[in-house]
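Read through the structure below, which is laid out as structure tokens, and then see the notes.
The values are calculated or read from the model by the stated rules, or taken from the named source; none is laboratory data. Fair warning: this is a prediction, and the values are worked out from it, not measured in the lab. So basically every Cβ, Gly included, is an ideal-geometry build from the backbone, and we count neighbours across all protein chains shown. Quick note on the areas: whole protein, heavy atoms, side chains included, nothing else; ligands and nucleic acids left out. Shrake-Rupley method; radii C 1.70, N 1.55, O 1.52, S 1.80 Å.
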Amino acid sequence: MKHHAPATERNREPIAAVLRDVLPASGTVLEVASGSGEHAVAFAGLFPHLCWQPSDGDPAALASIRSWAEEAGLSNLLEPVRIDVTSPDWPVEAADALLCVNMVHISPWSATEGLMRGGGRVLGTGAPLILYGPYRRSGVATAPSNQAFDQSLRGRNPLWGLRLLEDVVEEAQLHGLGFDRLVEMPANNLTLVFRKS
Ligand SMILES: C[S@@+](CC[C@H](N)C(=O)[O-])C[C@H]1O[C@@H](n2cnc3c(N)ncnc32)[C@H](O)[C@@H]1O
């Protein structure tokens, strides 16, 4: 049942460093596309003052999250829920922050549209939506490793691929999510922070 995503071991500390600055002092963090659940367990442990709500669109991911969560036994880690971000029906009506790691480029653009639509709906004023992953940026050369990754993603699914940062910002704005900040991360990744206006 337990999946293991090696990247989570490499990126959890750099992501946590940004989360320390950005997450609220209390409330519920909705994590979409939680995948294996390893981030959810790590972050729920690091931020015990917050309730951590993992989710994913894939039932196999939900089973993995459950397995990791049972082993961790953290009281602030909630039962995972199925959220397909492209669906208008999310079983979570409100959240104080929303985190999405490494989904935007490994899903069709409709997933980013759904994520922003849902984020605009569930987040309260000032609450952050935090994205982590590789992006292309207008006027900035894409690192060769990201170019190769983009090509391999498009080879696996023509609807996948690294998104242009400016397109993501524009989509967020359509749903009342203003661009707050960009943080350069190791291995040519970015963390993007939006806030509900
Ligand atoms: C590369 S994995 C990243 C998982 C995890 N966040 C991590 O960093 O290891 C991408 C995840 O996005 C999820 N996903 C893709 N499309 C989705 C959608 N429409 N709604 C919700 N989750 C989706 C997949 O099920 C998968 O768990």
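Quick notes on this one:
- Unmet requirement for Arg82, which otherwise passes all of (1) within 8 Å of the ligand (Cβ to nearest atom); (2) over 21 Å from Pro134 (Cβ atoms); (3) surrounded by fewer than 16 Cβ atoms within 10 Å (Cβ to Cβ): (1)
Conditions tested, residue by residue: (1) open to solvent by 10 Å² or more (accessible area, probe 1.4 Å); (2) away from the ligand (no atom under 15 Å from the Cβ); (3) not small (Gly, Ala, Ser).
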| site | (1), (2), (3) |
| --- | --- |
| Arg117 | yes, no, yes |
| Leu123 | no, yes, yes |
| Pro134 | no, no, yes |
| Gly139 | yes, yes, no |
| Thr142 | yes, yes, yes |
| Arg163 | yes, no, yes |
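- Selection of the range 1-42 for residues being more than 12 Å from the ligand (Cβ to nearest atom) and part of a strand (DSSP E or B) yields Gly27, Thr28, Val29.
- Any chance Asp21 is farther than 20 Å from Ser107 by Cβ, open to solvent by 10 Å² or more (accessible area, probe 1.4 Å) and out of contact with any Ser or Thr (no Cβ under 8 Å at 6 or more places or on another chain): yes
- Some residue of the range 103-110 being open to solvent by 10 Å² or more (accessible area, probe 1.4 Å), outside any loop (DSSP other than H, G, I, E, B) and among the hydroxyl-bearing types (Ser, Thr, Tyr): yes
- For Pro59: the one exception among (1) open to solvent by 20 Å² or more (accessible area, probe 1.4 Å); (2) away from the ligand (no atom under 12 Å from the Cβ): (2)
- Residue check for Ala40: farther than 20 Å from Gly124 by Cβ and either of a type in the set (Val, Ile, Thr) or in contact (Cβ under 8 Å) with a residue 24 or more places away in the chain (or both): yes
- Looking across Phe179, Phe149, one residue alone is assigned to a helix (DSSP H, G or I), aromatic (Phe, Trp, Tyr), open to solvent by 10 Å² or more (accessible area, probe 1.4 Å) and modelled with pLDDT of 95 or more. It is Phe149.
- Cβ-Cβ under 8 Å pairs, at least 6 apart or on other chains, the range 1-13 side of a type outside the set (Ser, Thr, Tyr), far side more than 9 Å from the ligand (Cβ to nearest atom) and assigned to a loop (DSSP other than H, G, I, E, B): none
- For the range 122-141, the condition holds for at least one residue, the condition being that it is in a loop (DSSP other than H, G, I, E, B), farther than 19 Å from Leu50 by Cβ and touching a Phe, Trp or Tyr at 6+ places or on another chain (Cβ under 8 Å).
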